[in-house]
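Undergrad: If you scroll down you'll find the structure; I have some questions about it.
The values are calculated or read from the model by the stated rules, or taken from the named source; none is laboratory data. Note that the structure is a prediction, hence the values are computed from the model and not measured. Cβ atoms come from the backbone with ideal geometry, glycine included; neighbour counts cover every protein chain shown. Ligands, DNA and RNA are excluded from the accessible area calculation, which covers all protein heavy atoms including side chains. Shrake-Rupley method; radii C 1.70, N 1.55, O 1.52, S 1.80 Å.
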Amino acid sequence: MHCKKCKDHGSLTIRKEHVYCVNCFMINVNHKFRACIGKNKILSSNEKVLVCLTGGQSSTVLLDLIYNGLLQDSHKKLRIIPFFLHLTGFGEKETDHKVAELVINQCKSYEFNVYIVNISKFYFQKSNTLPNINNLSETNTEEDLKTNLKNILNKVTPTSSNDIEMKIKHDTFRRVAKECQCNFIFTAETTTTLAVNLLSNLAIGRGSQVEYDIGFSDNRDEIKILRPIKDITEEELHHYIQIKNLPHISVDKIQENSLQSVIKKFVWDLQENFPATVSTVCKTADKIGAIEKSDKRCQFCKSSLASNNEKLTAMEATNFSRTVSNFHPGQNLNETRPIESTNEYDSSMFPFINKYFCYCCSRNYLELGNQNSNLFKDEK
Ligand SMILES: [Zn+2]
Ligand SMILES: [Zn+2]
């Protein structure tokens, strides 16, 4: 077995066919990371970037790749000024603490500082005060419990819960980035995660947002989310972690019994038996874009809202058939449901759709119930 690059003895087999020696493998992974940033030409020199860490495999590798990049000299140097963030407030307090401590230690080993931010404080309570660096601040006030993300998400189906959590996280990333004066955010999705996200997006009604959710750059907002390790697979991550013996934890935020968890299982099986398929899925997604974009944005996920179109959409067809089936003889069809709600409570099947929310966020809003949904309305 010879390394396909240097013809030396190879010890790693990627995708069941490509043999590498450890050295060439590491060079290749570093190259994928740098090439992804380089070819997209989005970052100018010494750009401030907020790097979001979870302590999981992909986040751990991203951190190491950034450190390596900053160490390089002259023209090979990665020219960014990184700020690091880790969000807490997702699970049990104890687990939360354990993970946060690991992330602090990971950062310390590279002499980086990290902000540990509680998602309830920043998202629901609209705090914009950054905590002290490397500090696990206590959060257990009445207000924290009331706005505990887990308690709120318990009320919805696992599929919606996964979706809402992801959107809340992204919004919090942007809020923190703003406080750090970063115009860019790095997140650590791999090819494999993005394939799962792509198929999930299609399944839950976020098909028109694939471009933002799966591509290199999510430019829904002025603060852009970039995915610099999107060309690296879970298999490569796994080898990277083993070779460098990097401490990490296994974090899986996808809730069981959801569309996303079923799709994840499907993609992982696919990767096992047909390894090339997963990257093909993502490459196809890279080419998908919305036909028309309006300036009106969804208040929750910031995607552009559909403008009025002459063609009947599936959503409108569903709404129409619902109206018709609720229709009693002798009743004026327009009485069943006002077309445009005049007050701020919309009880239709797709509340505030295309007014405040996109299709999927409107469904989430409905599922959360009126009381909790208020938490999601932007006060801007
Ligand atoms: Zn080699
Ligand atoms: Zn939305």
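Undergrad: Could you say whether any residue in region 21-30 is among the aromatic types (Phe, Trp, Tyr), in contact with a His (Cβ under 9 Å, 6 or more places away or on another chain) and either more than 30 Å from LEU130 (Cα to Cα) or more than 16 Å from ligand 2 (Cβ to nearest atom) (or both)?
TA: Checked against the condition, which is being among the aromatic types (Phe, Trp, Tyr), in contact with a His (Cβ under 9 Å, 6 or more places away or on another chain) and either more than 30 Å from LEU130 (Cα to Cα) or more than 16 Å from ligand 2 (Cβ to nearest atom) (or both), region 21-30 yields at least one hit.
Undergrad: From (1) among the aliphatic types (A, V, I, L, M); (2) open to solvent by 10 Å² or more (accessible area, probe 1.4 Å); (3) within 22 Å of LYS296 (Cα to Cα); (4) within 13 Å of the chain's Cα centre (by Cα), pick out the condition that doesn't hold for ILE204.
TA: (4)
Undergrad: Taking VAL156 as the residue in question, decide whether it is more than 29 Å from LYS48 (Cβ to Cβ), aliphatic (A, V, I, L, M), touching a residue at least 40 places away in the same chain (Cβ under 8 Å) and open to solvent by less than 30 Å² (accessible area, probe 1.4 Å).
TA: Against the criterion (more than 29 Å from LYS48 (Cβ to Cβ), aliphatic (A, V, I, L, M), touching a residue at least 40 places away in the same chain (Cβ under 8 Å) and open to solvent by less than 30 Å² (accessible area, probe 1.4 Å)), VAL156 qualifies.
Undergrad: Can you give me the number of residues within region 273-304 that are touching a strand residue (DSSP E or B) at 6+ places or on another chain (Cβ under 7 Å), loosely packed, with under 15 Cβ neighbours inside 10 Å and closer than 23 Å to ALA195 by Cα?
TA: Looking only at that region, the number is 0.
Undergrad: Moving on. In this structure, is GLU165 part of a helix (DSSP H, G or I), modelled with pLDDT under 95 and under 22 Å from GLY69 (Cα atoms)?
TA: So GLU165 fails the test.
Undergrad: Going by the conditions given, is LEU62 more than 16 Å from LYS244 (Cβ to Cβ), out of contact with any Cys (no Cβ under 7 Å at 6 or more places or on another chain) and open to solvent by less than 40 Å² (accessible area, probe 1.4 Å)?
TA: Spelling it out, it is not the case that LEU62 is more than 16 Å from LYS244 (Cβ to Cβ), out of contact with any Cys (no Cβ under 7 Å at 6 or more places or on another chain) and open to solvent by less than 40 Å² (accessible area, probe 1.4 Å).
Undergrad: Let me ask you something else. May I ask you to list pairs of residues, at least six apart or on different chains, whose Cβ atoms are under 6 Å apart, with the first in region 107-122 being modelled with pLDDT of 95 or more and the second being open to solvent by 60 Å² or more (accessible area, probe 1.4 Å)?
TA: Going by the 6 Å Cβ cut-off, the qualifying pairs are TYR110/TYR67; ASN113/ILE133.
Undergrad: Give the residues of region 1-27 that are within 16 Å of ligand 1 (Cβ to nearest atom) and in contact (Cβ under 8 Å) with a residue 40 or more places away in the chain, sorted by residue number.
TA: LEU12, ILE14, VAL22, PHE25, MET26
Undergrad: Quickly run through region 13-44 and pick out the residues that are among the aliphatic types (A, V, I, L, M) and either open to solvent by less than 50 Å² (accessible area, probe 1.4 Å) or modelled with pLDDT of 95 or more (or both).
TA: ILE14, VAL19, VAL22, MET26, ILE27, VAL29, ALA35, ILE37, LEU43
Undergrad: Sticking with this structure for a sec: Taking ARG363 as the residue in question, decide whether it is open to solvent by 80 Å² or more (accessible area, probe 1.4 Å) and either modelled with pLDDT of 70 or more or within 16 Å of ligand 1 (Cβ to nearest atom) (or both).
TA: Yes: the conditions hold for ARG363.
Undergrad: Next up: Identify all residues within region 207-223 that are in contact (Cβ under 8 Å) with a residue 12 or more places away in the chain, open to solvent by 60 Å² or more (accessible area, probe 1.4 Å) and either of a type in the set (A, V, I, L, M, F, W, C) or within 16 Å of ligand 2 (Cβ to nearest atom) (or both); write none if there are none.
TA: Matches in region 207-223: SER208 only.
Undergrad: Pairs under 9 Å by beta carbon, first residue farther than 16 Å from ALA35 by Cβ in region 224-251, partner open to solvent by 40 Å² or more (accessible area, probe 1.4 Å) and among the basic types (Lys, Arg), six or more apart or different chains?
TA: GLU235/ARG15; ILE249/LYS98
Undergrad: Let me ask something else. Pick from region 45-56 the residues that are within 22 Å of PRO247 (Cα to Cα) and open to solvent by less than 20 Å² (accessible area, probe 1.4 Å): which of them is farthest from ligand 1 (Cβ to nearest atom)?
TA: Result: LEU50.
Undergrad: If you don't mind, another one. In the set VAL114, VAL103, VAL176, which member is within 30 Å of LEU259 (Cβ to Cβ) and more than 18 Å from the chain's Cα centre (by Cα)?
TA: VAL103 is the lone residue from the list that is within 30 Å of LEU259 (Cβ to Cβ) and more than 18 Å from the chain's Cα centre (by Cα).
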